[in-house]
Amino acid sequence: MRQLSRMLTAVIHCKPSSQTVRKMIVLKDRKSYEDCVKVLTKQGITPVKKVAKANMVCCHLDQDISIQDLLHHPSIKRIETDVLVHTHAAPFQLQAPTEEISSNQFHNHHYPWGITAVHAPSVWPRSKGRGIKVGVLDTGISPHPDLRIAGGINTISRDSSYKDDNGHGTHVAGTIAGLGKRKLPYGVAPQVSLYAIKALDEKGDGFVSDIVEGVEWCIAQNMNIINMSLGLDGPSDSLHASIRRAYRRGIIIIASAGNSGPDNHTIDAPAFYQETIAVAASDKKGQIAEFSSRGKGIDITAPGVDIVSTNNKQGLSMDSGTSMAAPHVTGTVALMLQSNPALGPDQVRKIIMSTAHHLKGYNSRSEGHGLVDAKLAVKAAVKSSVIKRRPLVPVLRRRTDLPSVPENSLAAASGRRTGAIRQRRQRNSHQLKSKRIDALVRTSAHNLQRLSRQPRK
């Protein structure tokens, strides 16, 4: 531990500077994590972030000092750059700026076009998502007359509010869970339990360590669904590890594909992780949006152009992006889970994709399996023959390190078992003979009584 202490104090700085880079240090186990935190505390170093569930500390490291020796330390699992994260609202050059809707126009948007396009209202007599916990990992959610917020957290600053200072998260939340009160817009699943995880700042930006902490919080709080309308600037093994943990716990994760358009030929993380459902965006004409990313890994398409929803000023706004498409799928999954709570991530994915409608003129790298259909998805969910979810505890493996048993001991044990079986068979045979003798005696006695009652000739 002294060696680790020297290594850490040599490269970690207390404050960011032009000579430092923000890194995530992931320890191999909980004990190593706790030891690392003790070392840093003793040296007077306060990490930028600590995520115990992920065995991770985030610190400012000197970029001019090699960390190779630190990487080879037995307590260190990996060290990776704390990459930037951004919302997936479409860039302004591909859309008009976010448009606010005046109060006298509210009644025109009671049923936003995206809600009707996925056929959500036809499902509401059966399901509105009641009892399903949805975590919106975004810029936060602000109080709004059309929203009911069950709780949340701010992973940027644990002591601060999860209130939305950007507007993006509140817009996403409205598409998922708008209540439709006083002619305000409905969301796809108006009765879900909505949770705000503020991991992005007022500009819609953040660090992947804040996203990791948000996912771990969702796991601890037993969320059913996580909506991630965001994308990373680079890969992150730490985020992928947290998403895998959520997936193993049965949490369905919906992620926007990205807004890089047709020329980039790839989708963003976390959407390209196989544990997530990746969502592309379409417009009112049933065409893939110009800004929607194309590439391998897209699963489904949903409305994402000119979407009217709640904003962080207690009003309404119109916005576009794959960020706006993802919550349509999140709401659909909530409707499915209320109808069949036993569905796991794999079953949900198969149903969502098998009930989608193909968009004419597009291949799977643009639309996935087509436009999501809540009506057909819920119908299939009700009829689904569900395989039990995988156990949440590790599968016990056969031990191969048991001590060997001498052959004579095995033979003796086998002899004892054989003798016990022979004795049991003999007892059963004696009992059967006794029963037969008793039956013969009773029959003989009966015959004698009958003969004695007959008159003599």
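The values are calculated or read from the model by the stated rules, or taken from the named source; none is laboratory data. From a predicted model like this one, the values you see are computed outputs, not experimental measurements. We place every Cβ from the backbone using ideal geometry, glycine too, and count neighbours over all the protein chains shown. The accessibility values were calculated without ligands, DNA or RNA, using every heavy atom of the protein model including side chains. Shrake-Rupley method; radii C 1.70, N 1.55, O 1.52, S 1.80 Å.
Taking His72, His60, His13 and ordering them by how much accessible surface each has at a 1.4 Å probe, largest first, produces His72, His13, His60. Each principal axis of the Cα cloud of the stretch 304-388 was taken in turn, and the coordinate range along them, longest first, works out to 44, 35, 18 Å. Basic side chains Lys and Arg get +1 at the Cβ, acidic Asp and Glu get -1 at the Cβ, and with that the dipole of the stretch 144-284 about its Cα centre reaches some 780 debye. Taking only protein heavy atoms and a 1.4 Å probe, the accessible area of the stretch 349-388 is 56% carbon and sulfur. The share of accessible area on the stretch 156-308 that comes from carbon and sulfur is 41 percent, using a 1.4 angstrom probe.
Each residue was assigned an accessible area with a 1.4 Å probe, and for Met7 the value is about 40 Å².
Think of each Lys and Arg Cβ as +1 and each Asp and Glu Cβ as -1; about the Cα centre, that makes the dipole of the stretch 163-226 roughly 580 debye. Computed across the stretch 104-209, the Kirkwood hydrodynamic radius from all distinct Cα-Cα pairs reaches 14.2 Å. Report the one residue of Ala117, Ile219, Tyr195 whose Cα lies farthest in the direction of the positive end of the charge dipole of the stretch 114-249 (charges on C-beta: Lys and Arg +1, Asp and Glu -1; origin at the Cα centre). Checking the options against the dipole of the stretch 114-249, the answer is Ala117. In this view, the solvent-accessible surface of Arg22, computed with a 1.4 Å probe and all protein chains in place, comes to about 40 Å². Note that the stretch 266-330 presents 28 Å² accessible area per residue, ligands and nucleic acids not counted, probe 1.4 Å. For the stretch 1-79, a crude dipole built from +1 on the beta carbon of Lys and Arg and -1 on the beta carbon of Asp and Glu, taken about the Cα centre, is about 340 debye to the nearest 20. Taking all protein chains as shown and a probe of 1.4 angstrom, Thr41 keeps an accessible surface of around 90 Å². By the rule of a C-alpha distance below 18 Å, with chain neighbours fewer than 8 residues away ignored, the lysines paired with Lys133 are Lys198.
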